[in-house]
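The values are calculated or read from the model by the stated rules, or taken from the named source; none is laboratory data. This structure is a prediction, so every number in the text was calculated from the model and none was measured. Positions of Cβ are generated from backbone atoms using ideal geometry, with glycine treated the same way; all protein chains shown enter the neighbour counts.
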Amino acid sequence: MLRSSLMRADRSKNVLLELLDRAGVSINGPQPWDIRVNDERFYRRVLSGGSLGAGESYMDGWWDVEQLDELFFRVLRSDIESELVRNWRVFATITAQVLINKQRKSKASEIGERHYDLGNVFFRAMLDERLVYSCAYWKEAQTLRAAQENKLDLVCRKLGLRSGMHLLDIGCGWGSLAKYAAEKYGVSVVGINNSKEQTELGKALCSGLPIEINQQDYRDVKGRFDRIASIGMFEHVGPKNYRTYMKVVSDCLKDDGLFLLHTIGRANRRRGYDGFTQKYIFPRGVVPTIVEFGKSVDGLFAIEDVHNIGAHYDRTLMAWFDNIESNWDQLRHIYDERFHRMWKYFLLSFAGSSRARRNHVWQIVLSKRGVLGGYHAIR
């Protein structure tokens with residue numbers, strides 16, 4: 001029995017070493033992206049558990065690496081990770097995503113409870129002063145705050161906001177877009193999300209402005225709006241609900257209105273499943289493909305503009321990581337070291353994925369009937 005177990009461990013090690021070598025990664029090598037193994041069980045755990053095994057073994061301290069983002073950049077750019085997820089457990093989960101509506105209304109509050117309600121102290125330590133929790137726009141910006149204000153202004157200009165307009169913000173977070181649009185463009189805003197913590201703080205931050213923030217599912221929204229925006233929320237909708245989501249937006253948007261969708265997107269049609277992110281960061285989250293998006297808007301909207309700002313996400317994620325590291329002394333009394341390693345793994349692996357151009361970020365402007373004379377693209 002012991003001999004058989006050792007043989008399996010050796011095979012796992014040899015397979016993983018061969019795959020990593022194809023990505024230019026060594027074990028205990030001299031490069032900052034080389035892996036330092038602290039527990040020999042690491043090899044089998046990664047091969048049997050895919051991304052979940054890799055992430056959990058990192059949280060448990062079984063391995064370390066000086067530059068986690070560069071490790072993932074090399075692994076994902078070489079596409080070896082596709083061979084690490086070929087096991088029946090991952091296949092079963094991917095199949096369930098297709099067959100089961102895991103983002104049905106009865107489960108919609110879970111993402112708020114398990115992620116966005118982690119605590120405003122944590123997110124204030126990680127994000128910029130406006131608490132913008134989505135990809136920034138770094139064009140001519142040197143700080144995270146400036147880059148996020150760039151993004152907010154980009155959204156407002158793409159929507160053509162004018163004083164007196166009524167804006168719906170689906171997935172409004174702490175009200176960063178709502179507050180910016182009300183202050184800078186003179187619009188009134190209704191914002192919705194599924195997080196109790198975000199809703200309470202958002203109301204306080206937007207106090208005194210023509211802004212209403214509600215804890216509410218998007219399927220319950222009523223009213224008609226001049227403009228609609230949804231930034232970093234579509235990833236929680238789920239493929240089974242894309243069409244329903246778009247019908248809700250269509251019903252709420254005036255005939256001459258504009259809708260801007262800002263979402264992470266997948267670079268290929270391979271079902272987007274990451275066991276680690278699903279379990280620890282964004283439960284029930286699914287990143288759409290452009291094909292899935294296209295089917296969801298067919299017959300409902302004209303696509304006026306598509307802008308891929310995905311390359312800006314790498315720098316955004318690195319800035320969030322730097323903020324957590326700079327503020328960890330204030331956070332360590334609330335969160336343990338395993339939580340610290342979990343977020344380090346998530347942010348830096350996602351940065352590496354964005355650097356490898358495996359994930360995109362799309363800003364898509366849509367109209368219901370087509371803009372007469374054509375839409376003027378804003379960059």
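Right, G352: assigned by TED's automatic domain parsing to the domain that holds Q148, buried (at least 17 other Cβ atoms within 10 Å of the Cβ), out of contact with any strand residue (DSSP E or B) (no Cβ under 7 Å at 6 or more places or on another chain) and touching a residue at least 60 places away in the same chain (Cβ under 8 Å) or not? Here the answer is yes, as G352 does meet what is asked. Of the residues that make up segment 178-196, is at least one surrounded by fewer than 19 Cβ atoms within 10 Å (Cβ to Cβ) and under 25 Å from the mean Cα position of the chain (by Cα)? Yes: one or more hits. Screening segment 202-238 for residues that are in a helix (DSSP H, G or I) and in contact with a Lys or Arg (Cβ under 9 Å, 6 or more places away or on another chain) and picking the one that is surrounded by the most Cβ atoms within 10 Å (Cβ to Cβ) gives G202.
Being crowded, with 18+ Cβ neighbours inside 10 Å and assigned to a loop (DSSP other than H, G, I, E, B) is the requirement here; does Y375 meet it? First the steps, then the outcome.
Numbers: crowded, with 18+ Cβ neighbours inside 10 Å: yes; assigned to a loop (DSSP other than H, G, I, E, B): yes.
Here the answer is yes, as Y375 does meet what is asked.
Restricted to segment 247-340, the set of helices (runs of 4 or more DSSP H) holding at least 1 residues that are more than 20 Å from the chain's Cα centre (by Cα) comprises 290-297, 311-331.
When L71, L52 are screened for being assigned to a helix (DSSP H, G or I) and out of contact with any strand residue (DSSP E or B) (no Cβ under 9 Å at 6 or more places or on another chain), only L52 passes. Scanning segment 347-372 for residues that are hydrophobic (A, V, I, L, M, F, W, C) and either farther than 30 Å from V248 by Cβ or assigned to a loop (DSSP other than H, G, I, E, B) (or both) yields a count of 6.
Residue count for segment 251-265, restricted to those that are over 19 Å from V291 (Cα atoms) and in contact (Cβ under 8 Å) with a residue 24 or more places away in the chain: 7.
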